[in-house]
Amino acid sequence: MDIFYDVPLARLNTFRMKVQAACLVEYDTAEELGGIPEDLPKPWKALGGGSNLLFTGDFPGTLLHSRIRFIQPVEMQEYVLVRVGSGACWDDLCAWAADHGLWGIENLSHIPGEVGAAAVQNIGAYGVEAADVVDTVECYDLVERRFCRFSAAECGYGYRTSRFKEEWKDRYIVTAVGIRLAKEYSPKLDYGNVRTAAIRRFGAYEVETGSLTPSRVRETVIGIRREKLPEPEELGSAGSFFRNPIVPREQYWQVLRKAGEEGLGEVPHYDAGELVKIPAAWLIEKCGWKGRREGNAGVYDRQALVLVNATGQAAPGEILSLEEKIKASVLDRFGIRLTPEVEHI
Ligand SMILES: Cc1cc2nc3c(=O)[nH]c(=O)nc-3n(C[C@H](O)[C@H](O)[C@H](O)COP(=O)(O)OP(=O)(O)OC[C@H]3O[C@@H](n4cnc5c(N)ncnc54)[C@H](O)[C@@H]3O)c2cc1C
């Protein structure tokens, strides 16, 4: 275990905010968590790859970062249960699964961050989410200072959320995650343009006759992602900045009316029971923000849902100010209140 003080965080968050943490602990085993000195600055908070965070200023407490990086497969009859250390890079796990011909997480390829956070966030993409494959989550309880383990059902997974993000917030440090991967041929191609992109890449015959592999689906997904999302190494961001609003049907009709009056074209939407989900990217784009710059901050020119550190020099205040302006204009134009997906610290 290493303990560092006054740690610059620019390289530890993908938004590249130049702030500091009073203390950072990097631990190599779950057991080391039990030995963290009580007197380290509070609050204590887990840090993964820093890819879903906006540091709004210096962090006064202690960040706990896992360097537990093992991948241990256990063969079962129909599937493979893989126990993975929380500090393993999520995409390394996706690559490992694809290399071993195992299905389940190929659609989640290339999502930044670490395995521990994936189980906290319930990451998702292209019709698959972590909850589909998580079997168990091993944790260290910072309140009772003891080890515990939760089944996926106990984690209370929902859309991009779990109990770790709600009533258990910042209480449990994930040390390892059990992931169930399938041996049986089971590509999921029906979300968005995955099938079309796979056909473009490998041909209709291969795709429709069952000749895909997890590696081929992974390659397809990475190709799609590269076309529309910034690479964190090249342009600072935290991915989708806002949640997609889920609104009452009357509010959706209002948006529809407005779109008709102002010639905004079709309003993309997905039914969510009585409610309707409208892509935040569409709302932001129709308010004229896509590709716009405000000082050192900006809105990505290929995906309006992503706010970026356009010059690498943006201060937290510049991202926050851009966030407020976007929220105000979407509220003013469509009457919809956007909420951030990215956690503000
Ligand atoms: C370019 C880009 C694209 C993205 N695309 C997607 C996408 O397609 N789908 C998607 O779902 N997300 C996406 N994201 C968001 C992000 O990658 C995920 O939320 C990811 O799981 C965050 O992992 P992290 O390790 O960086 O966690 P961090 O950002 O460091 O932390 C996120 C939260 O998890 C907690 N946490 C971290 N590690 C632990 C641990 N060991 N124990 C307990 N709590 C912990 C932190 O305290 C914090 O609350 C994207 C981000 C970027 C920058």
At what distance in nm do the modelled label points of GLU208 and GLU234 sit from each other, each positioned 7 Å from its Cα along Cα→Cβ? 3.4
Determine the shape class of the range 194-345: with a ≥ b ≥ c the square roots of the Cα gyration tensor eigenvalues, call it rounded for a/c under 1.5, and otherwise prolate if a/b is greater than b/c, oblate otherwise. oblate
Per-pair calculated FRET efficiency, R0 = 56 Å: THR311 and GLU144 via Cβ, rounded to 0.05: 0.80
For SER321 and LYS165, compute 0.36 nm times the residue count separating them, minus their Cα-Cα distance, and round to one decimal in nm. 53.7 nm
With the crude spin-label approximation of a point 7 Å out along Cα→Cβ, what separation in nm comes out for ARG249 versus GLU343? 3.7
Ascending count of other beta-carbon atoms within 10 Å, so fewest first, for VAL128, VAL247, VAL221: VAL128, VAL247, VAL221
In range of the label at ARG333: residues from the range 235-253 whose backbone nitrogen is under 20 Å from the point 7 Å along Cα→Cβ: 240-248, 251-253
At a Cα cut-off below 20 Å, give the lysines reachable from LYS183, other chains included and same-chain residues fewer than 8 away excluded. none
Among the listed pairs LYS169/LYS228; LYS188/LYS286; LYS290/LYS327; LYS258/LYS286, those beyond 22 Å (Cα-Cα): LYS169/LYS228; LYS188/LYS286
Cα gyration tensor shape of the chain, rounded if a/c is under 1.5, else prolate or oblate by comparing a/b with b/c: oblate
Among the GluC sites (Glu not before Pro) within the range 142-183, which fall in a DSSP loop and have no more than 10 other Cβ atoms within 10 Å of their own Cβ? GLU144, GLU166, GLU167
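Can you show me the helix-derived [θ] at 222 nm for the chain, built from DSSP H runs with n ≥ 4 at -39,500 (n - 2.57) apiece and divided by the number of residues, rounded to the nearest 500.
Counting only the DSSP helices, I get -7500 deg cm²/dmol.
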Coil-residue GluC sites (Glu not before Pro) of the range 36-92, DSSP, other Cβ within 10 Å capped at 10: GLU38, GLU78
Expressed in nm to one decimal, what extension gain is obtained for the pair ARG200 and SER151 from 0.36 nm per residue of sequence separation less their Cα-Cα distance? 13.7 nm
Residues with amide H under 5 Å from that of THR175, placed H, sequence gap 5 or more: GLU138, CYS139, TYR140
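How high is the relative contact order of the chain, in percent, with contacts defined as C-alpha pairs under 8 Å that are six or more residues apart?
Answer for the chain is 16 percent.
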Compare HIS65, HIS110, HIS269 in a GNM of the chain, Cα atoms joined below 10 Å, and give the one with the largest fluctuation. HIS269
SER186-ASP135 pseudo-label distance in nm [points 7 Å out on the Cα-to-Cβ vector]: 1.2
In whole Hz, with x marking every Gly and Pro, tabulate ³J(HN,Hα) for the range 21-30 from phi via Karplus 6.51 cos²θ - 1.76 cosθ + 1.60, θ = phi - 60°. 10, 4, 8, 9, 10, 10, 10, 10, 9, 4
What is the gain in length, in nm to one decimal, between GLN20 and ASP39 on full extension, counting 0.36 nm per residue of separation less the C-alpha to C-alpha distance? 4.9 nm
List the chymotrypsin sites (Phe, Trp or Tyr not before Pro) within the range 125-230 that fall in a DSSP loop (any state other than H, G, I, E or B) and whose Cβ has at most 13 other Cβ atoms within 10 Å. TYR159, TYR185, TYR191
If THR209, THR62 are placed from fewest to most neighbouring beta carbons inside 10 Å, the sequence is THR209, THR62
Overall Cα dimensions of the range 71-228, principal axis frame, Å, largest first: 56, 35, 23
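None of the figures in this text is laboratory data; all of them are computed from the coordinates on show. As the structure is a prediction and not an experimental result, all values here were calculated from the model. Don't worry about glycine lacking a Cβ; one is built from the backbone with ideal geometry, like all the others, and counts go over all protein chains shown.
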